[in-house]
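Asker: Here it is: the structure, laid out below.
Read-outs throughout are calculated quantities, based only on the coordinates presented, and are distinct from any laboratory measurement. Note that the coordinates shown come from a computational prediction; the quantities given were computed from them, not determined experimentally. Every residue, glycine as well, gets a Cβ built from its backbone with ideal geometry; the counts of neighbours run over all protein chains shown.
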Amino acid sequence: MTDPNILQILEAVSAGYLSPTLAQEKLRQLSYESVDHFAKIDTQRQARTGFPEVIWGQDKTPEQIIQIMEKMRPHQAVILATRVSPTVAATIQAHIPDVIYHERARICALGHPEPNPDLLGQITILTAGTADLPVAEEAAITAELFGFRVERLWDVGVSGIQRLLSNRHLIDNADVLIVVAGMEGALPSVVGGLANCPVIGVPTSVGYGANFAGVAALLSMLNSCAAGVGVVNIDNGFGAAILAGQILRTATKISRTG
């Protein structure tokens, strides 16, 4: 059955009330495909936002993720499912053998990033400690699969500040910084006082009881006295990567028009 909204758009084009260009834009806002009775795939998200829809793997069954991936295949060069456990990943790979599982990042990926030599900039990702690596790798793998260049610098937290300062050149050369920290979440503030580019703080749920599963780190980052520090949600490495990518894409667009 044809969606009545789509039918109205087609009729408007046929009657000459709407140009094909405007009709295409309106259709981008409406287009999706259903997967059985449990999901609707936003097939035009990349056309609207620059990034395709990504599957939240946690709390979905392996069978649901498999069906969604298969439905996405014709529409996306790269398909990601985040927060996937090793057990679920094994089931997915048994049905879709070309899926690659990035275990530390907990990401299942299908397809390969399309090279974009015109894309400017580099995303540099820092962690306060080794325990923050799963969230940091989620950010790194997401960014790489969407075609961005990534530099990694692990375990440079404030309890041993010399580790960070001895790698000052990586901060100076960064175009966007993602800083991942748990415990008291102080590292983004320190980096924000050194960097000449946007800093995205990612609080993690790593820490003792008073860390409140990342709330303490989140509040520390939100209360940063360093200017130019933005903050995403607790453990949200994926969101940080998308934000960093949007910053670099905007910079690329401005450079082309300027």
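Asker: Scan around residue 178 for amide H atoms under 5 Å from its own, H built in the peptide plane at 1.01 Å from N, and keep only partners 5 or more places away or cross-chain.
Answerer: 124, 125, 126, 200
Asker: I'd like to know which of 224, 81, 99 lies farthest towards the positive end of the charge dipole of the chain, counting +1 on Cβ of Lys and Arg and -1 on Cβ of Asp and Glu.
Answerer: Going by the Cα projections, it comes out as 224.
Asker: Within the range 14-114, which GluC sites (Glu not before Pro) sit in a loop by DSSP and count at most 14 neighbouring Cβ atoms inside 10 Å?
Answerer: Numbers: sites: 25, 33, 53, 63, 70, 103; in loops: 53, 103.
Filter output for the range 14-114: 103.
Asker: Of 126, 153, 80, which is the most mobile in a GNM of the chain whose springs link Cα atoms less than 10 angstrom apart?
Answerer: In this elastic network of the chain, the residue with the biggest mean-square fluctuation among 126, 153, 80 is 153.
Asker: With axes computed from alpha carbons, what is the tilt in degrees of helix 133-145 against the longest principal axis of the chain, rounded to the nearest 10 within 0 to 90?
Answerer: So the inclination is approximately 40 degrees.
Asker: Also, I was wondering about something else. Show that you can apply the helix-only estimate: for the chain, add -39,500 (n - 2.57) for every DSSP H stretch of four or more residues, divide by all residues, and state [θ] at 222 nm to the nearest 500.
Answerer: -12000 deg cm²/dmol
Asker: Given +1 on the Cβ of Lys and Arg, -1 on the Cβ of Asp and Glu, and no further charges, what dipole in debye does the chain carry about its Cα centre, rounded to the nearest 20? It would help to have the intermediate numbers written out before the result.
Answerer: Details: 18 positive and 24 negative charges, 87 e Å.
It works out to roughly 420 debye.
Asker: A further question follows. Using only Cα atoms, figure out Rg for the range 149-201 and give it as a multiple of 2.2 N^0.38 Å. Don't jump to the answer; show the numbers that get you there.
Answerer: Numbers: Rg = 10.1 Å, N = 53, 2.2 N^0.38 = 9.9 Å.
Here the answer is 1.02, to two decimals.
Asker: Based on Cβ point charges of +1 for Lys and Arg and -1 for Asp and Glu, what charge dipole magnitude is obtained for the range 137-242 about its Cα centre, in debye rounded to the nearest 20?
Answerer: Values: 4 positive and 9 negative charges, 40 e Å.
The dipole magnitude comes to about 200 debye.
Asker: While we're on this one: Return, for the Cα atoms of the chain, the radius of gyration and Dmax in Å, separated by a comma.
Answerer: Computed over the Cα atoms of the chain, radius of gyration and Dmax are 20.7, 70 Å.
Asker: OK, next. Where a ≥ b ≥ c are the square roots of the eigenvalues of the C-alpha gyration tensor, would you call the range 207-258 rounded, which needs a/c under 1.5, or, failing that, prolate if a/b is larger than b/c, or oblate? Write down the numbers at each step before the final one.
Answerer: Working: a/c = 6.53, a/b = 2.36, b/c = 2.77.
Verdict is oblate for the range 207-258.
Asker: How many lysine pairs are close in the chain, with Cα atoms under 30 Å apart and the two 8 or more places apart or on different chains?
Answerer: So the count works out to 6.
Asker: When the C-alpha atoms of the range 76-208 are aligned to their principal axes, what extent does each axis show, in angstrom, from largest down?
Answerer: The principal-axis extents, from largest down, are 47, 43, 18 Å.
Asker: To continue, here is another question. Given Cα pairs under 8 Å that are at least 6 residues apart, what percent is the relative contact order of the chain? Walk me through the numbers before you get to the answer.
Answerer: Details: 481 pairs, mean separation 32.6, N = 258.
In percent, rounded to a whole number, it is 13.
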